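Heads up: the structure comes next, in structure tokens.
The values are calculated or read from the model by the stated rules, or taken from the named source; none is laboratory data. Small disclaimer: the values here were computed from a predicted structure and weren't measured. Here the Cβ is made from the backbone with ideal geometry for all residues, glycine too, and neighbour counts use every protein chain on show. Ligands, DNA and RNA are stripped out before the accessible areas are found, and what is left, the full protein with its side chains, is counted by its heavy atoms. Shrake-Rupley method; radii C 1.70, N 1.55, O 1.52, S 1.80 Å.
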Amino acid sequence: MQRLGYRRDALIEALHATQDAFGYIDDEALRYIGKALAIPPSTVYGVATFYSYFTLQPRGEHTCVVCTGTACYINGALPILARIQESLGIAPGETTADRKLSLLTGRCFGACSLAPAAIVDGRFEDHVDGEELATRLRAL
């Protein structure tokens, strides 16, 4: 925020920096950023919750993002999510109790011909099989 002169338009950059440093953005950080940039807390919270990149909860050690864009949806994204939920006991947006894995959804990874797709720990995977993915995620 200092580098950007505490301008209001530094909000997204401040949120990015906070999440990069701590892994998520907690209430205290939201309030601090708002106060430092003279932005109402409701606006800071609104921006942080509008963009799917930001998370207000700690994420797991590992992350699995299942694409739910049109091609992936048609080619089985929901059964993949259901299989992971059944296997690991977490729904999209949740993290396992041991903080090992966070399950997320994303909208179109831009690889529709390779649907269904997922990103596990930053690595893109195509033609995903729900059972095989759930088995690998359990082993993490």
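So how strong a dipole does the chain carry about its Cα centre when Lys and Arg Cβ are +1 and Asp and Glu Cβ are -1, to the nearest 20 debye?
Numbers: 13 positive and 16 negative charges, 91 e Å.
For this selection, approximately 440 debye.
Give me the extension gain from Glu132 to Glu94: residue separation times 0.36 nm, minus the current Cα-Cα distance, reported in nm with one decimal.
11.7 nm
Given the options Glu61, Glu28, Glu86, state which has the largest fluctuation in a GNM of the chain using a 10 Å cut-off (strictly under) for Cα springs.
Maximum among the listed residues: Glu28.
Enumerate cysteines in the chain without a disulfide-compatible partner, where compatibility requires another Cys Cβ under 4.7 angstrom.
Cys with no partner Cβ under 4.7 Å: Cys64, Cys108, Cys112.
For the chain, what % of the accessible area comes from carbon and sulfur atoms, probe 1.4 Å? Show your work: numbers first, answer last.
On the way: 4350 of 8190 Å².
Answer for the chain: carbon and sulfur cover 53 percent of the accessible area.
Taking only protein heavy atoms into account and a 1.4 Å probe, give the accessible area per residue of the chain in Å².
Working: 8190 Å² over 140 residues.
Roughly 59 Å² per residue, with all protein chains present.
Where Lys and Arg each count +1 and Asp and Glu each count -1, what net charge lies around Asp98 among other residues with Cβ under 15 Å from its Cβ?
After counting each charged neighbour, the total is +2.
Compute the normalised compactness of the chain: alpha-carbon radius of gyration over 2.2 N^0.38 Å, N being the residue count. Walk me through the numbers before you get to the answer.
On the way: Rg = 17.2 Å, N = 140, 2.2 N^0.38 = 14.4 Å.
Dividing the Cα Rg of the chain by 2.2 N^0.38 Å gives 1.20.
Taking H placed 1.01 Å from N in the peptide plane, check which residues at least 5 places from Thr63 or on another chain put their amide H under 5 Å from its amide H.
Excluding prolines and chain starts, which carry no amide H, the hits are Ser102, Asp121.
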